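The values are calculated or read from the model by the stated rules, or taken from the named source; none is laboratory data. Note that the coordinates shown come from a computational prediction; the quantities given were computed from them, not determined experimentally. Glycine also receives a Cβ, built like all others from the backbone with ideal geometry; neighbour counts cover every protein chain displayed. The protein model used for the area step is the full one, side chains on, heavy atoms only, and it has no ligands, DNA or RNA in it. Shrake-Rupley method; radii C 1.70, N 1.55, O 1.52, S 1.80 Å.
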Amino acid sequence: MSLPEIVSREQWRAAREELLAKEKAATRARDALNAERRRLPMVEVEEEYVFEGGDGKATLLDLFEGRHQLVVHHFMFAPEWDAGCRSCSGFLDQIGHLAHLKARGTTLVAVSRAPYTKILPFKARMGWTVPWYSSYGSDFNHDFEVTLEREGEPLERPGVSCFLRDGERVFHTYSTYERGLDGLGSTTGFLDLTALGRQEEWEEPEGRASALGAPAGSERIRYHDEYEE
């Protein structure tokens, strides 16, 4: 096994401070990239997709549960499979309490091509509470490029797509795939992908923090059992 070099405390501190400068630069660069992502244009979703979930049939608008934003985890689970993807399962395992996303007007769901009759027992086995819907029979996965055709056969890949609601109009704002999911799982990680971001006053472009008519994001943080819908 190759282990780190052994040095004195003073040498470690000097090396750590040198790395810290690079870490801060990376944080500033990430903030700038997130701001650029929030400035992306959006496209209206006009296709009337139909999903199946715990309450029966649902539209894409229904998946918002009345909130302003929707984050969809494209969970790889093809109709012919008996269980969901192991990597996607590991991803879903690390997602924290959804109350913190909901407090910022954002709903998180998983969507797979497998029929809901296959999703339900697997979800119960894993003990997940994240809402999970089947897109079986619709073009949703193909349209958002997580089911691709390769030599005439469907090929699944993981992804995350973000949507924004204006009344009953739904807009697609962002998608990322495969390695783009690295590091996701936290509340702030998901919010950084959305058009409204973390809804903090320091974020660019200006005006997004008050878009939901509520205090800035950090001012709304509560214990997860203290939020009101």
Within the range 79-98, residues being open to solvent by 90 Å² or more (accessible area, probe 1.4 Å) and free of Cβ contacts under 8 Å to residues at least 12 places away in the same chain number 2
Given (1) touching a residue at least 40 places away in the same chain (Cβ under 8 Å); (2) open to solvent by 30 Å² or more (accessible area, probe 1.4 Å), residue 60 misses just (2)
Matching residues in the range 49-92 (of a type in the set (Ser, Thr, Tyr) and farther than 17 Å from residue 137 by Cβ) number 2
- Task: Taking residue 17 as the residue in question, decide whether it is under 25 Å from residue 138 (Cβ atoms) and loosely packed, with under 10 Cβ neighbours inside 10 Å.
- Result: no
Scanning the range 155-172 for residues that are open to solvent by 60 Å² or more (accessible area, probe 1.4 Å), in contact (Cβ under 8 Å) with a residue 24 or more places away in the chain and part of a strand (DSSP E or B) gives 169
Those strands (runs of 3 or more DSSP E) completely within the range 21-91 that have 1 or more residues that are over 16 Å from residue 133 (Cβ atoms) are 69-74
Here the residues within the range 99-146 that are of a type in the set (Gly, Ala, Ser), open to solvent by 30 Å² or more (accessible area, probe 1.4 Å) and either under 17 Å from residue 184 (Cβ atoms) or not in a loop (DSSP other than H, G, I, E, B) (or both) are 124
Quick one: is residue 193 farther than 21 Å from residue 31 by Cα, part of a loop (DSSP other than H, G, I, E, B) and not aromatic (Phe, Trp, Tyr)? no
